[in-house]
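The values are calculated or read from the model by the stated rules, or taken from the named source; none is laboratory data. Since this is a predicted model, take the numbers as computed values, not measurements. A quick note on method: Cβ atoms are made from the backbone with ideal geometry, for glycine too, and the neighbour counts reach across all protein chains shown.
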Amino acid sequence: MYLTQPLHKALRECPEREALVFADRRSTYRDLVRQVATLASVLKDLGLEDGDRAGILALNSDHYVTFVFGVLWAGGVFNTVNIRWSPVEIAYSLDDCDTRILFVDDEFVPLIDEVRARSKSLETVVYVGEKTCPEGMLSLAGLMAGTDPVDDAGRSGDQLACILYTGGTTGAPKGVMLSHANLYTCSIGAVMPACRGDGVVGLHSAPFFHVAGVGLILQLTLRLGTHVIVPRFEEVAVMSAIQRERVVETFLVPTMMRAVLAHPRFPEFDLSSLRCMMYGASPIDSTLLKKAMTAWPEASFLQLYGMTELSPVVCILPDYCHSDAAYADKLMAAGLPAHMAEVRVVDGEDNEVPRGQVGEIVARGPMVMRGYWNKPEQTEEALRRGWMHTGDAGYMDDAGYVFLVDRIKDMVVTGGENVYSVEVEDALLRMPAIAQCAVIGVPDEKWGERVHAVIVPAGGAEISEADIVAHCKTLIANYKCPRSFEFVDQMPLSGAGKILKYKLKEAHWGDRGRRIG
Amino acid sequence: MTKQYDLSDSVQVAIRNTIGDALRRSAGRQPAAPALQFEDRIWSYQELDLAANRVANGLLARGLQKGDRVAAYGKNSDAYVLLWLACARAGLIHVPVNYGLVQRELTYICNQSGARALFCDDSLAANVEAVRNDLGVELYGSLRRGALAEGVDILALAQGRGEATAPDIALSDDDVVQILYTSGTTSDPKGAMHTHRSLMAEYQSCLLHLDISGKDRGLAALPLYHSAQMHVFLMPSLLCGAFNYLIDAPVPDQVLALIEEQKITSFFSPPTVWIGLLRHPDFDRRDLSTLENLYYGASIMPEPIVHELAERLPQGRLFNCYGQSEIAPMATVLEPHEHADRPSSCGRPLTSVETRVVKPGTLEDCAPGEQGEIVHRSPHLMVAYWDKPEETEEAFKGGWFHSGDLAYQDEQGYLYIVDRIKDVVNTGGVLVASRDVEEALYGHESVAEVAVIGVPHEKWIESIVAVVVVKEGKAADAAALIDHARQHLAPFKVPKAVHFVEALPKNTAGKLLKRTLREQYAR
């Protein structure tokens, strides 16, 4: 199983089919394969050897897809860098897995000086923007112009394909190692239960650096479909791309779907080509679903649930749960285990709990990661007893549907990003004016959950929220900084002196059955 | 510098994807759902899972060890399926033996694979007894209670009170789990070695392309020793929670009755069996309205039959499945909506299969319409022929698996099978598919059976020879047949000679032995 296989097939089976559509650029599969093979040659010339990492820090574009396949074709391992990270975090992830080559687009050129200054590994920066190449960087277009394509290095199976960084419980991000077989098997499992046909036109607006973005690229390439790409989610860009390219399938998290449907210009666009609407990150409520089904009566709906460590899809809520009233009670579920995935709910000792009882959701199957890069203890902890511990609390009903209710890991999921509380708390506690703090997720209309800080000021000092945010921004990514605050005299503590976060959460989540967004 | 990483035991357990893991997943999802029925025994997914463990533990307790070969010589039954699943659980290598084989061929497969155990039906026990002194088998047993009284009985183990937890055997996806012997019309059979990984990859492809789902009720009537019934239909449907009704032969009245009684939704058989069903008087008497997925393979469905099926089973959807044991066996599929325009194609490669048509003896692509050999690359492929390194090397020459099938592709990449390469006749440097000539001769009213071969010829390299069995009461008239061929074939394809025989040489599986004919008529 190798992830470049669809490209070889495309060259034989449909070389003239459009592969990539971005802004006013269009390329066929024949073009794509040539670009991929040439990019691979460039990477090798830059010193990339079998199994070496190459990174990219960019918004979505056609170049991004070429990069992903180009690295694989060259025998490398791609590291798609989180675009919301601060230079400190970016440098950490490059150094952690020794990424020496980084591709960057116009959007992130301004960060490069600081990343370079902080990173020990980074040697070569390749510019993939639309303007003139900044000094100190190599222009991809220039490098490609004088280079001949090479043959596919032919990595496959259990060999690594990528390292994707995710927040770490101890503060430092962890590099999730995924193999060709992990991603290939998971992608086939993800396209199996739905009417996701061959050769269709798909629109990507989810960020490619994220595992969901990577997964969606692979799921569509596997079916030799056409990738329509917008730089980032923006309602009008999405709607006009769907109309112009007659897009058949796309992925939007419910908040994005809501934003599209509520947009004042929504009625101007013809979105009737949509046949498959995928979503994830949170369940869809029946009001939103009704609206969406009215807007796209021909479309089927599909929820995908997973995490980076699971390549990422492990549960799927099939279309019939959305369209058949008999399944109305399943709408809040994360879905049924995907093909090849085995899902269980366990107690603290890893014993399976009876159906209906809440515990931690664990999973195993060929989509489970190969481990965290250079973190054997954390790998062992996450995969203890041969099951991937998701950190999500939930239950399974009698029919086998998995429902999420809370999070076991101390983590906030905001706008699809995982934010570990401990990382934010560390940053906060570096401010002398803060004596104690606790970071929790609270419900948020737009972001699903919002990073919320409960703070005990030191010696009754006066602290402004703006100062705290300014302080945090020097250390952690924007999206990790608290968006709301609560100042208290003391924390609710357990007998052992541990802060009782569930008491802090109660005030915000009330008696909702589910305490995650 | 390339950093290496080691997989901890926890990771290896978490990511393992063997056939036994897949069965456990199905049982975990729908423990009570019926998985398999044979005669009056219905096995739920949980029962099947536990029974596979009991049989696996029973085999290990009798001294079999990981990697040992276990020959299965039986017709379809629940015990047959359980032995296979138990082998997968226990790390044993399952060796299916076509139950039509006897004597030398039975001995060959058991001994070439080095089988330590052999399980057979009581009805076949005499065949085993006949060659028992020549076999290296240490453990004998029966698939159905009663046979070989001294041995182990699989059904009894399955239904017994033995240990039902999975045996503690270190398994990996790359372990060999089955050796599938090719039928060997041109040489001794070769054993295609499949791993958990190759078969699981193939199951995924079948689930993706053949519209198999948990709602299916399948009727499995073709032999399970053959990879099509086992690996394209039964196993993928057990992976997704479907129900399978098992019988041991596709007898038309029984098949038609079961479709009605069991509300069967999917059925696979070669075109000849489909034609037999259509011609049976019960076809119109039975309620076949549940039957939706109609699968066939091994040969093309004659176009008039495609139309007749569409008319008489209007809800039916036809899938043409093409492949061979070495690719586990699915390689290409012609999907229902593709039949109208290309009824004689075997479709296009599956998602996980790369297929090319190349000039024989090279890896150069043929142009559309040009005939060449089909070659594949795919995770479905076998890892080797058992104990045949040279044949393995030959088959995988240049990094592609050479199918031995002659075919061409149209402009859209649809494949059309022409013949087995070894059955192509080279007459004066022009290649003629024996199948073309045979089809023309079948059009003559006197022909019951015909085989067309090439025999060495000093001027023409090979000359085309037809060997014919005439229908009862018809005259054997060579001139009339050659005349008939002239009307239907290009001049260079017309046989130079016609021989009449009482019967054509066949192996016990009913496959024509052209090798024997070529030897006999070579002068």
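Quick check, is A:Arg116 assigned to a loop (DSSP other than H, G, I, E, B) and either crowded, with 16+ Cβ neighbours inside 10 Å or without any contact (Cβ under 8 Å) to a residue 24 or more places away in the chain (or both)?
Numbers: assigned to a loop (DSSP other than H, G, I, E, B): no; either crowded, with 16+ Cβ neighbours inside 10 Å or without any contact (Cβ under 8 Å) to a residue 24 or more places away in the chain (or both): yes.
The answer is no for A:Arg116.
Checking the conditions here, which among B:Val437, B:Val425, B:Val430 is under 24 Å from B:Arg342 (Cα atoms) and of a type in the set (A, V, I, L, M)?
Details: B:Val425 fails: under 24 Å from B:Arg342 (Cα atoms); B:Val430 fails: under 24 Å from B:Arg342 (Cα atoms).
Matching residue, one of B:Val437, B:Val425, B:Val430: B:Val437.
If you go through segment A:4-32 and keep only what is closer than 24 Å to A:Ala241 by Cα and touching a Pro at 6+ places or on another chain (Cβ under 8 Å), you end up with A:Thr28, A:Tyr29, A:Arg30.
Taking strands (runs of 3 or more DSSP E) as the structural unit, those lying wholly within segment A:1-90 and holding at least 2 residues that are under 30 Å from A:Ile476 (Cβ atoms) and modelled with pLDDT of 95 or more correspond to A:53-57, A:77-80. When A:Thr185 is tested against the conditions (1) in contact with a strand residue (DSSP E or B) (Cβ under 6 Å, 6 or more places away or on another chain); (2) within 30 Å of B:Ile212 (Cα to Cα), the lone failure is (1). Does segment B:442-465 include one or more residues that are of a type outside the set (D, E, K, R) and in a helix (DSSP H, G or I)? Yes, segment B:442-465 contains a residue that is of a type outside the set (D, E, K, R) and in a helix (DSSP H, G or I).
For B:Ser26, the conditions (1) without any contact (Cβ under 8 Å) to a residue 40 or more places away in the chain; (2) within 14 Å of chain A (Cβ to nearest Cβ); (3) in contact with a helix residue (DSSP H, G or I) (Cβ under 8 Å, 6 or more places away or on another chain) are fulfilled apart from (1). Number of residues in segment B:378-394 that are in contact with a Gly (Cβ under 9 Å, 6 or more places away or on another chain) and hydroxyl-bearing (Ser, Thr, Tyr): the value is 1.
Please determine, by comparing only the residues of segment A:6-29 that are under 26 Å from the mean Cα position of the chain (by Cα) and of a type in the set (A, V, I, L, M), which one is farthest from the other protein chains (Cβ to nearest Cβ). Filtering segment A:6-29 for residues that are under 26 Å from the mean Cα position of the chain (by Cα) and of a type in the set (A, V, I, L, M), the one farthest from the other protein chains (Cβ to nearest Cβ) comes out as A:Ala23.
Where in segment B:171-285 are there helices (runs of 4 or more DSSP H), lying fully within it, with 3 or more residues that are surrounded by 22 or more Cβ atoms within 10 Å (Cβ to Cβ) and in contact with a helix residue (DSSP H, G or I) (Cβ under 7 Å, 6 or more places away or on another chain)? Don't jump to the end; show me each part of the working.
Details: elements: B:196-209, B:235-239, B:252-261, B:271-279, B:282-285.
Fully inside segment B:171-285 and qualifying: B:196-209, B:235-239.
Say whether the condition of being within 11 Å of chain B (Cβ to nearest Cβ), closer than 25 Å to A:Ile188 by Cβ and surrounded by 15 or more Cβ atoms within 10 Å (Cβ to Cβ) is met by at least one residue in segment A:324-335. Reasoning before the result, please.
If we filter segment A:324-335 for residues that are within 11 Å of chain B (Cβ to nearest Cβ), which is where we start, we get none.
No: zero hits.
Looking only at segment B:49-71, decide whether some residue is within 14 Å of another protein chain (Cβ to nearest Cβ) and more than 30 Å from B:Tyr181 (Cβ to Cβ). Scanning segment B:49-71, I find no residue that is within 14 Å of another protein chain (Cβ to nearest Cβ) and more than 30 Å from B:Tyr181 (Cβ to Cβ), so the answer is no.
For the residues A:Leu46, A:Leu20, A:Leu3, the requirement of being more than 23 Å from A:Leu216 (Cβ to Cβ) and not charged (D, E, K, R) singles out A:Leu46.
Across segment B:219-240, what is the number of residues that are farther than 30 Å from B:Lys506 by Cβ and modelled with pLDDT of 95 or more?
First, pick out the residues of segment B:219-240 that are farther than 30 Å from B:Lys506 by Cβ: B:236-240.
Next, only the ones that are modelled with pLDDT of 95 or more stay: B:236-239.
The number of residues fulfilling the criteria is 4.
When A:Leu220 is tested against the conditions (1) free of Cβ contacts under 8 Å to residues at least 12 places away in the same chain; (2) part of a helix (DSSP H, G or I), the lone failure is (1). The number of residues in segment A:360-401 that are more than 13 Å from chain B (Cβ to nearest Cβ), farther than 20 Å from B:Arg16 by Cα and buried (at least 21 other Cβ atoms within 10 Å of the Cβ) comes to 3. Test B:Glu411 against the criterion of being within 14 Å of another protein chain (Cβ to nearest Cβ) and either at pLDDT 90 or above or touching a helix residue (DSSP H, G or I) at 6+ places or on another chain (Cβ under 6 Å) (or both), and give yes or no. Considered against the rule, which asks whether it is within 14 Å of another protein chain (Cβ to nearest Cβ) and either at pLDDT 90 or above or touching a helix residue (DSSP H, G or I) at 6+ places or on another chain (Cβ under 6 Å) (or both), B:Glu411 comes out as yes. In the condition set (1) modelled with pLDDT of 90 or more; (2) not in a helix (DSSP H, G or I), A:Leu475 is compliant with all but (1).
When the criteria are applied in full, B:Val425 meets the requirement of being at pLDDT below 90 and farther than 26 Å from B:Cys321 by Cα. Would you confirm whether or not segment B:397-405 contains a residue that is out of contact with any strand residue (DSSP E or B) (no Cβ under 7 Å at 6 or more places or on another chain) and either crowded, with 18+ Cβ neighbours inside 10 Å or outside the structural domain of B:Ser378 (by TED's automatic domain parsing) (or both)? Checked segment B:397-405: no residue is out of contact with any strand residue (DSSP E or B) (no Cβ under 7 Å at 6 or more places or on another chain) and either crowded, with 18+ Cβ neighbours inside 10 Å or outside the structural domain of B:Ser378 (by TED's automatic domain parsing) (or both).
Checking the structure you have, find out if any residue of segment B:30-45 is assigned to a helix (DSSP H, G or I), without any contact (Cβ under 8 Å) to a residue 60 or more places away in the chain and within 14 Å of chain A (Cβ to nearest Cβ). Step through it out loud before you land on a result.
Pass one, segment B:30-45, residues assigned to a helix (DSSP H, G or I): B:45.
Filter again for without any contact (Cβ under 8 Å) to a residue 60 or more places away in the chain, leaving none.
No, there is no match, as no residue in segment B:30-45 is assigned to a helix (DSSP H, G or I), without any contact (Cβ under 8 Å) to a residue 60 or more places away in the chain and within 14 Å of chain A (Cβ to nearest Cβ).
Inspect segment A:193-202 for any residue being of a type outside the set (S, T, N, Q) and within 18 Å of the chain's Cα centre (by Cα) and give the result as yes or no.
Yes; the residues of segment A:193-202 include at least one that is of a type outside the set (S, T, N, Q) and within 18 Å of the chain's Cα centre (by Cα).
Scanning segment A:290-313 for residues that are buried (at least 19 other Cβ atoms within 10 Å of the Cβ) and either of a type outside the set (A, V, I, L, M) or not in a loop (DSSP other than H, G, I, E, B) (or both) yields a total of 15. With respect to the stated conditions, A:Val201 is under 20 Å from A:Phe69 (Cα atoms) and away from chain B (no Cβ under 14 Å).
Can B:Gly20 be described as more than 13 Å from every other protein chain (Cβ to nearest Cβ), buried (at least 22 other Cβ atoms within 10 Å of the Cβ) and assigned to a helix (DSSP H, G or I)? I'd like the intermediate steps shown before the answer.
Working: more than 13 Å from every other protein chain (Cβ to nearest Cβ): no; buried (at least 22 other Cβ atoms within 10 Å of the Cβ): yes; assigned to a helix (DSSP H, G or I): yes.
Answer is no for this residue.
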